[in-house]
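This report concerns only the one structure given below.
The values are calculated or read from the model by the stated rules, or taken from the named source; none is laboratory data. Small disclaimer: the values here were computed from a predicted structure and weren't measured. Heads up, the Cβs are rebuilt from the backbone with ideal geometry, glycines too, and the neighbour counts pull from every protein chain shown. Protein only, heavy atoms only, side chains kept; ligands, DNA and RNA dropped before computing areas. Shrake-Rupley method; radii C 1.70, N 1.55, O 1.52, S 1.80 Å.
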8 protein chains.
Amino acid sequence: MTLHIYLSGEIHTDWRDQIIAGAADLDVVFSGPVTDHAASDDCGVAIMGAEAQKFWHDHKGAKLNAIRTRHGIETADIVVVRFGDQYKQWNAAFDAGYAAAMGKSLIVMHGPDHQHALKEVDAAALAVVETPQQVVDVLTYVLHGSLPDRQG
Amino acid sequence: MTLHIYLSGEIHTDWRDQIIAGAADLDVVFSGPVTDHAASDDCGVAIMGAEAQKFWHDHKGAKLNAIRTRHGIETADIVVVRFGDQYKQWNAAFDAGYAAAMGKSLIVMHGPDHQHALKEVDAAALAVVETPQQVVDVLTYVLHGSLPDRQG
Amino acid sequence: MTLHIYLSGEIHTDWRDQIIAGAADLDVVFSGPVTDHAASDDCGVAIMGAEAQKFWHDHKGAKLNAIRTRHGIETADIVVVRFGDQYKQWNAAFDAGYAAAMGKSLIVMHGPDHQHALKEVDAAALAVVETPQQVVDVLTYVLHGSLPDRQG
Amino acid sequence: MTLHIYLSGEIHTDWRDQIIAGAADLDVVFSGPVTDHAASDDCGVAIMGAEAQKFWHDHKGAKLNAIRTRHGIETADIVVVRFGDQYKQWNAAFDAGYAAAMGKSLIVMHGPDHQHALKEVDAAALAVVETPQQVVDVLTYVLHGSLPDRQG
Amino acid sequence: MTLHIYLSGEIHTDWRDQIIAGAADLDVVFSGPVTDHAASDDCGVAIMGAEAQKFWHDHKGAKLNAIRTRHGIETADIVVVRFGDQYKQWNAAFDAGYAAAMGKSLIVMHGPDHQHALKEVDAAALAVVETPQQVVDVLTYVLHGSLPDRQG
Amino acid sequence: MTLHIYLSGEIHTDWRDQIIAGAADLDVVFSGPVTDHAASDDCGVAIMGAEAQKFWHDHKGAKLNAIRTRHGIETADIVVVRFGDQYKQWNAAFDAGYAAAMGKSLIVMHGPDHQHALKEVDAAALAVVETPQQVVDVLTYVLHGSLPDRQG
Amino acid sequence: MTLHIYLSGEIHTDWRDQIIAGAADLDVVFSGPVTDHAASDDCGVAIMGAEAQKFWHDHKGAKLNAIRTRHGIETADIVVVRFGDQYKQWNAAFDAGYAAAMGKSLIVMHGPDHQHALKEVDAAALAVVETPQQVVDVLTYVLHGSLPDRQG
Amino acid sequence: MTLHIYLSGEIHTDWRDQIIAGAADLDVVFSGPVTDHAASDDCGVAIMGAEAQKFWHDHKGAKLNAIRTRHGIETADIVVVRFGDQYKQWNAAFDAGYAAAMGKSLIVMHGPDHQHALKEVDAAALAVVETPQQVVDVLTYVLHGSLPDRQG
C-alpha cells in the first residue's frame, strides 16, 4: 500500500520538510504546492505576459497554480492542511473544503489558538494534530498499525 | 428557471438581507447557514449535552451546522461567498472550496483590500463582486439577460 | 427547504412515531423500511413463491426490501439510524455504511451502553443522540436555527 | 489481472492468515484494518493526546482507523467481510454497506447460525461463504476460471 | 413517496397495460419505450430523411429511440424488464445492463423456460417474477408494506 | 414526462422561436443562452466594472454567461446545438462537447455544407437535423411516439 | 498508451484467440469471462455448495461470474461484444448495456443477419464490425493511426 | 509526479512536436489524435467498409476516432487545445468542452485574432497561451515550480 499525501497550506516554515524526513522509511509519495512564494505569485505573468492590473496579475498566477494544486489533491489519498500563525491562509481552507467535497481523508494541523476559528474545518477532518511528528505518527499507524510508544 | 442560491460567509452585516430584498422579484430560492452567532456556536451542546473541553463543544456544533451547510451547498445552483473585514472566516473559504469541487457556480464578494489574499478563491469563481447590488445584478442577468442600465 | 429523512434501524419500539409526531410542524418528509416484522420477513415468498431453503426464503425477502430501503436512503438528505437493545441489527449498521458512502448526513441514535461497539458508526455521523426528542431538536435547528431553550 | 482485496471484519481468529496463505500463488494484493485490538482502540489518544471522556477517546481512534479502512475499501476490487461468533461487529456491517454503496464486489463469510440476521448483508453480496478456503476458491476461479475439483 | 417505473422490453402483449391498470391506486409514474412497432422502426427516416441502406435506416431510428429510452431509465427508480417468448430481445437485455450499471432497482419478468438463458440478468435483479400481477404486488409492497394476502 | 431542452448555438436567426412555437402543445421546458448579443458581450463589465483590456472585458462576460449556460446544460435532458452559416461558433461546439461529456442527449442542427466540419460533433449526437421543424418532430416523437405523417 | 480490452459474448468459437493473436504486437491487455462453459455454469455450487433448485444453482454461478465480469468491464477502456449465431446471448447484450452506461467505448461484432435485432446495441457502439481481423484493425488504428492498407 | 497531457486541435503545423521536444526532460506523457489527415478521414470505411453517402463515410470515421480521442482526454491530467488560423476546428472546441465538463485542467493556445471568438473556451481554461514554448513553460512550472527566467 502506497499512500499519496498532499501537503497543503502554510509555506513559510519547514513543516513539509519535517514530515518528509520523518516519513523517509514509509511507503508514501508527497506532493504539494509551489512553495517559492515569489514564483508562486508571479508565475502567471512570467509565462503568459504582464498585466497592468494587480487583480489579473494575481488571477493568472492563481489559475496556473491551480493546475498543480488540483492535480495534487485529486490524486491524493490523504490531504494534510497546515494553518500557521500569520496571514489569512484562505487558500488553505479552500483546499480543505475542496478535499472534503472529494471525499479525501483530511488531516488538519494547527496550534491551539486557532481551534475555534477552524472548528468547521476540523469537523471535516479525520485527524486534528499540532505537530509534523504527529502527522508522521498518523501515517506510520495507517500504514503499519504501530503506535509511537511501540516504536521505541 | 428557478435558481437555488446558497449565501455563505460573513454573518455580522446585513448583506444577505440586501440581496434577498433586491432579488424579491426574481425566481430564486435562498438558503444559508444559521446566522444567530450564539446559537451556531452552542447548538451541539444545547441539544446533545455539555462538553468540558472547548474543542468538543465546538466540534459537536460544527458537525451539527454541517448538516445544514452541506445540504444548502449541495442543492444550490449558485454559491455566493462573502468575506468581510474581520475574523479568519476559514469556514467561508472552506465552503468555497467545497462548492468548487462540486462544480457549483461560485460568486465571491469581498472588498478590494482582500484581493491578493483571496486570489485562489477568486480564480475558482465565475464572478467576483464587491456589493450585494452586484449579486442582484448578476442574478437578474442570469435569469433575464437584462443589464442594470436597461432596468432603469 | 424541505428535508427528506430516512429512519433506519430498530423496528420494535415507537421511536419513529415519536420523531414524526415531534416534527409535525417541520417541513420534513419521512421514509423508512417496512416495520411489520412478519411482512418484512415473508414478503419475498409471499409474492414470488415459496422456497424450501430458509436462506433463499430470506434472500428473496431481503432483496425485495432493498428496493424500498435503497430508494429511501438514496433520496434522503439525512439518514437517522437507531440501534436498540436487542438483536444483532446488522442491517442498521449496513444502512449506516451505505448512507455514509453516499455522503448522506448521518444521525446515529443509541443508548450509552452501545457507545464503544458503535464507535466506527458514530465516527461517520454528524450527530450522535440518545432520544427521539433530540432528533426532533436537530431537525428543528437545521431547518430554523432555533434551539430547544429558545422554543419554550 | 491483479485483484485488490480488502479483508474486513472479525479480528480474533486467523481467517485472514488462512486466506492469504491459501492465495499465495494468486495475483492478489490484500489489505485490511489494523488487527492489533489494543492499538486499534487507543491509536487516537496515543498520537493526538488523551481524552477524559471514553466517547472522545473512541471517537479519535475510530476516525484515525477510518483513514486506513476507507482507503482499503475504496481501492479494493473485492471486499470480503467476515462475521464471527462474538461481539456486535457493527463495524463489519458498516464496512459491508459502505462497500456495497461504492459498487464493490462483496463476499460475506459467516456461519449458518447468523444467516437470518445477515440476510440484508448477504443479499448485497456476490458470494456468501463459510470458510477461508471458499474465499480462496472464489479468488482462484475469478482469476483463472478453474474450480476446486480441477485443481487436485 | 412517488416511484418512477420504466417498463422495458417486449412490446407485443399487453403486459404494460396490465401493470398500469393493477397499479391504478398506487403513487407511481410509468414510462416506457414507444410501443408502436412500425413507428419505432421508421422514426429516424420519417423525421430525418430516407436511407438507402437498412443499417443506417435502423441506426437513425435506434438513436432517436435512445433519447426516450435513456431518459426513461435515467429518471426511473425501478426498471422492469420483460422478456417474451419470441424474438432476440437484445434491446431488453441491453436496457437491463444499462439500468444495472446505473444502480437502478431491477425487476425482471419472464417465463420459466428462459430461466437459464437469463441467469446473468436475473442475478442483477432485486426481484424476478413471471406475471404482471407480481409486479403490481411488488410495487404495492414497496410503497405500502402490505402483502397480497392482506389486501383481500 | 416533462422534457427540459437547452437550445445552444447560433443567436442571429429565429430558430429558437420556431422550435418554441412548434412545440407549444408539448410538455417541454426550454432554456438557452442570453441571445441579446450586445448584452451578452458586455454583461461582465456592465455589472462588475470596466476593463482596459479587451481580453479581460470578454473574460468577465464569458464567465458570467457561463453561470447561465452551465445551469441550462446541466439541468437539461436534451441539448440542441445549432450551427449557422456565419462566425466561428466555437462556443456552440464547446457546449456540444460539454453536453456530450455529461451524457446528455444531443441533437445537432446544421445545413449540409457543414457536414464534414461537424462530423465529430454529429458522431456524438443522437439526432442530426437541418430544420427547427425536425427538432419539433423529434420532441413530439420522443414524448408521444407519433410521427409527422400521423399528425396530419 | 496501453489499452485494456474486455472481450464479452459468445464463447463457442475461437474469435477471442484470433483477436489476441492478431494483436500480439500491440500494447493491449485483454480480459474476458470464463470461457469454460461447464465451469461457468457450475462454479457457484462447486465452491459454495449444491442447490436443489436449478434457479439457485444458476443464480449462485451467475453472481460469482459477475465478480469477474464487472471487474473486467469496469477496468476496460474498450469493450468488444460478439454475438454469434446461436443461443439467446442475453448476457452479451446485458454486458453491452452495462458498458454503455459506464461510458466505455463499445465495439460490437456480429454477422449481417443480426443487424436489425441488434440495432439498439449497434447504436450505442463506436464501431460495428463482422470479423476478428476488423477488431485488430480498429485497435491498431486507435493505437498507431495506421490503416490496414498501410500495414502491408 | 507524472503528468498526462492530451494535445487536441489543429493538425497542420508542428506545434505538437515543438511541445514534445521542449518537454523532453519533463516527467510527462503525451497523447493526441491521429494527425495523418487522410487516415483520420478515411479510417472508418477503410476498416469497416465503404459508404455511398459522405455523411456515413464521415460518421464511421468520426466514431472510430472518438475511441482514441475520448481515451486520451479521459486519462489526461491536462488537455491542451490549439486553434490555428484555418478551418472551422469545431472538433477542437468540442474537445475543450468535453474536457471542461470532466474537470480536466484546460490550456488553450491561439493567436490574438481569435481572442473574442474563443472567449467562452478561454473562460473555462486555467491557462491561455500563444506559443508551444509557453506550454512547455507551464508544464515546467507545474512540475518543478521553476520559471523561465530562472532556468537560464
Relative contact order computed over chain D (Cα-Cα under 8 Å; 6+ residues apart), in percent: 26
Using alpha-carbon coordinates, inclination of helix D:132-144 to the longest axis of chain D, degrees: 60
17 Å tail of the calculated P(r), region B:1-69, as % of Cα pairs: 51
Cα-Cα over 22 Å, subset of C:Lys63/G:Lys54; E:Lys54/E:Lys119; C:Lys63/C:Lys119; F:Lys88/H:Lys119; A:Lys119/D:Lys60: E:Lys54/E:Lys119; C:Lys63/C:Lys119
Max mean-square fluctuation residue, GNM over chain A, Cα-Cα springs under 10 Å, options A:Tyr98, A:Tyr141, A:Tyr87: A:Tyr87
Cα radius of gyration and Dmax for region E:1-142 (Å): 15.5, 51
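Pop out the carbon and sulfur fraction of the accessible area of the protein assembly as shown as a percent, whole number, probe 1.4 Å.
In the protein assembly as shown, the share of accessible area belonging to carbon and sulfur is 48 percent.
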Between 0 and 90°, nearest 10: helix E:54-74 axis offset from chain E longest Cα axis: 30
Size of the G/E contact, given as accessible area buried on both chains, probe 1.4 Å, in Å²: 3200
Efficiency of FRET between A:Ala52 and C:Gln53 - r from beta-carbon atoms, R0 45 angstrom, step 0.05: 0.05
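Report, as an integer, the average count of C-beta atoms from other chains found within 10 Å of each Cβ along A:47-56.
For peptide A:47-56, the averaged partner shielding equals 5.
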Gyration tensor (Cα) of the protein assembly as shown, equivalent ellipsoid semi-axes in angstrom: 41, 41, 32
Over region A:61-144: Rg over Rh, Cα atoms, Kirkwood Rh: 0.96
Karplus-derived 3J(HN,Hα), 6.51/-1.76/1.60, for each residue of region F:124-131, Hz, glycine and proline x: 8, 8, 8, 8, 10, 10, 10, 10
Angstrom value of the Kirkwood radius, inverse mean 1/r, which spans all Cα pairs in region A:42-82: 11.3
Folded to 0 to 90 degrees: helix D:37-48 orientation relative to chain D principal axis, Cα: 40
Helix-derived mean residue ellipticity, 222 nm - over chain G, DSSP H n ≥ 4, -39500 (n - 2.57), to 500: -15000 deg cm²/dmol
Placed amide H near C:Ser31: partners under 5 Å, 5+ positions off or other chain: C:Ile5, C:Tyr6, C:Leu7
P(r) histogram, all alpha-carbon pairs of region A:41-110 included - 10 Å bins from 0, percent: 19, 40, 31, 10, 0
Mean-position separation - Cα centroids, region F:47-89 and region C:27-106, in angstrom: 46
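Would you mind calculating the relative contact order of region G:78-152 from Cα pairs under 8 angstrom and at least 6 residues apart, reporting the percent as a whole number?
Worked out over region G:78-152, it gives 26 percent.
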Virtual spin-label span in nm between B:Gln115 and E:Met1, 7 Å along Cα→Cβ: 5.5
Amide proton proximity set for D:Leu26, modelled H, under 5 Å, gap of 5+: none
Region F:1-105, accessible area per residue, ligands and nucleic acids excluded (1.4 Å, Å²): 37
For region H:102-114, 3J(HN,Hα) per residue [Karplus equation, 6.51 cos²θ - 1.76 cosθ + 1.60, θ = phi - 60°, Hz, x = Gly/Pro]: 8, x, 6, 6, 10, 10, 10, 10, 6, x, x, 6, 9
³J(HN,Hα) computed for each position of region H:4-10 - Karplus, 6.51 cos²θ - 1.76 cosθ + 1.60, integer Hz, glycine/proline x: 9, 10, 9, 9, 9, x, 2
